[in-house]
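Below you'll find the structure, written out as structure tokens, and then a few comments.
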Amino acid sequence: MDVGLYVSELLNNFNEVSLPGIGTFFKKKISAHHDERQGIFFPPSEEISFHTKNISASPELIKHICSTRNISEPSARYFTEKYSDSIKQSLQIKGFARIGTIGILRTSGNEYLFEPGSSSSSSAAYGLIPVMEIKKSSPKKEINTAPDL
């Protein structure tokens, strides 16, 4: 069972979702900003980030798996723990693990580093796209140098 898919689904409706023994994936808000070097205005957006503060399964994740797969709560907890174990095993063997469409989790020493996937940004931009700055140039005035008669 790909629990990572359920995590990404839940992140559409909740601000954070935790995997047991791994950590918490959460939405990070990014304010609208202007990049002067590129001359682009970026709309507000969200991206998925990660921290290891809460390492127990989110109740929302368990409920979502129960309702989607029509299984009991102990079974849902079992599947999330097995999924977390497979992530840990992949991190030990390969040094990275793909978490559904959310992104990739990597190991760096004793900590985890998260690289968000390209589809991990949300619709917080209200359908807006980055806009290139329009540079206006003032019209040149012609100077009449002809003598008045």
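The values are calculated or read from the model by the stated rules, or taken from the named source; none is laboratory data. Keep in mind that what you see is a predicted model, and the values were worked out from it rather than measured. Because the Cβ atoms are built from the backbone with ideal geometry, glycine has one as well, and the counts that use them run over all protein chains shown. The accessibility values were calculated without ligands, DNA or RNA, using every heavy atom of the protein model including side chains. Shrake-Rupley method; radii C 1.70, N 1.55, O 1.52, S 1.80 Å.
Values for this structure:
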| quantity | calculated |
| --- | --- |
| Residue 15/residue 70 FRET efficiency (R0 22 Å; Cβ-Cβ; nearest 0.05) | 0.25 |
| Solvent exposure of the chain as accessible area per residue, Å², 1.4 Å probe | 70 |
| The range 92-121: trypsin sites (Lys or Arg not before Pro) in DSSP coil with no more than 15 other Cβ atoms inside 10 Å | 94 |
| Value of Rg/Rh across the chain [Cα atoms, Kirkwood radius] | 1.34 |
| The range 26-114: C-alpha gyration tensor shape, a/c 1.5 cut-off, then a/b vs b/c | oblate |
| Pairwise label distance in nanometres, residue 132 with residue 35, each label 7 Å out on the Cα-Cβ vector | 1.4 |
| The range 1-83, accessible surface, carbon-and-sulfur percent (1.4 angstrom probe) | 49 |
| Two-site FRET efficiency, residue 111 against residue 5, from Cβ-Cβ distance with R₀ of 25 Å, rounded to 0.05 | 0.50 |
| Listed residue pairs exceeding 20 Å between alpha carbons, taken from 27/53; 29/82; 28/135 | 29/82; 28/135 |
